[in-house]
1. Of all residues in region 116-126, count the ones that are in contact with a helix residue (DSSP H, G or I) (Cβ under 8 Å, 6 or more places away or on another chain) and either open to solvent by 30 Å² or more (accessible area, probe 1.4 Å) or without any contact (Cβ under 8 Å) to a residue 40 or more places away in the chain (or both).
2. Looking at region 84-107 only, could you name the residues that are open to solvent by 70 Å² or more (accessible area, probe 1.4 Å) and touching a residue at least 24 places away in the same chain (Cβ under 8 Å)?
3. Of the residues that sit in region 48-104 and are closer than 18 Å to residue 33 by Cα and basic (Lys, Arg), which one is farthest from the chain's Cα centre (by Cα)?
4. Please determine, by comparing only the residues of region 23-42 that are hydrophobic (A, V, I, L, M, F, W, C) and either at positive phi or modelled with pLDDT of 95 or more (or both), which one is surrounded by the most Cβ atoms within 10 Å (Cβ to Cβ).
5. Can you tell me which condition residue 113 does not meet? The list is (1) open to solvent by 10 Å² or more (accessible area, probe 1.4 Å); (2) at pLDDT below 95, and all the others hold.
6. State which residue is farthest from residue 128 (Cα to Cα) when the search covers only region 43-71 and only residues that are open to solvent by less than 20 Å² (accessible area, probe 1.4 Å) and either assigned to a loop (DSSP other than H, G, I, E, B) or among the aromatic types (Phe, Trp, Tyr) (or both).
Amino acid sequence: MTSLWALVFGVIVLFAADNFAREVEQVKEFIVGGSEGWREPTDNNTSIYDDWATRMRFHVGDSLVFQYHNDSVLVVDKLGYYHCNVSHSILAFNNGNSTVKLDRPGAFYFTSGDPVHCLKGQRLIVEVMSPHPIHPSPPPIASPPESAMPPVLSPLSSLASPLAVSTSTLSPVVIAFMAVAAAV
């Protein structure tokens, strides 16, 4: 009897965890510059990174991925960004594929490690918003009158008959767990 209650409790925990995971919006990973990547802009495209960033929404927990060749990425302060001062960086990357986690709300400033590239527009400001929101569940639907309600099945009858539970709202993990439990 104890193992049956443990099994029922396990199914409830899996169901709750699955529903919670569906409600939390996932953090995102952004490739800086999109298909262009992190490179020295051409003379007629100096706003490439400003334009790219204005089309995005960044939240705490998201990451920026810088993909580049024969270059580098510096995390700098506001002054370093506006003056392309690469001598006092906060962080420096030069491996060709660098990821920066956006761990707080506010502005993040990036430049190329080459001041000439920075002056040509290879720099980026990212404004980070608070964490991704958890979308609330829709309000509950009013219950029908008792006379219209079908008979209630006990937890034991639902475990004995897997078809007694509607699987349309359950995740594959919960369905598999219930199938194993019914076979036991």
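The values are calculated or read from the model by the stated rules, or taken from the named source; none is laboratory data. Because the structure is a prediction, the values reported are computed rather than measured. Backbone-built Cβ (ideal geometry, glycine too); neighbour counts: all protein chains shown. Note: accessible area is taken over every heavy atom of the protein model, side chains too, but ligands, DNA and RNA are not part of it. Shrake-Rupley method; radii C 1.70, N 1.55, O 1.52, S 1.80 Å.
1. Looking only at that region, the number is 2.
2. 97, 99, 101, 103, 104, 105
3. 55
4. From region 23-42, those hydrophobic (A, V, I, L, M, F, W, C) are 24, 27, 30-32, 38; that's our starting set.
Now restrict to residues that are either at positive phi or modelled with pLDDT of 95 or more (or both): 30-32, 38.
Details: 30: 18, 31: 14, 32: 22, 38: 26.
Going through the qualifying residues, I end up with 38.
5. The single condition residue 113 does not satisfy is (2).
6. Going through the qualifying residues, I end up with 68.
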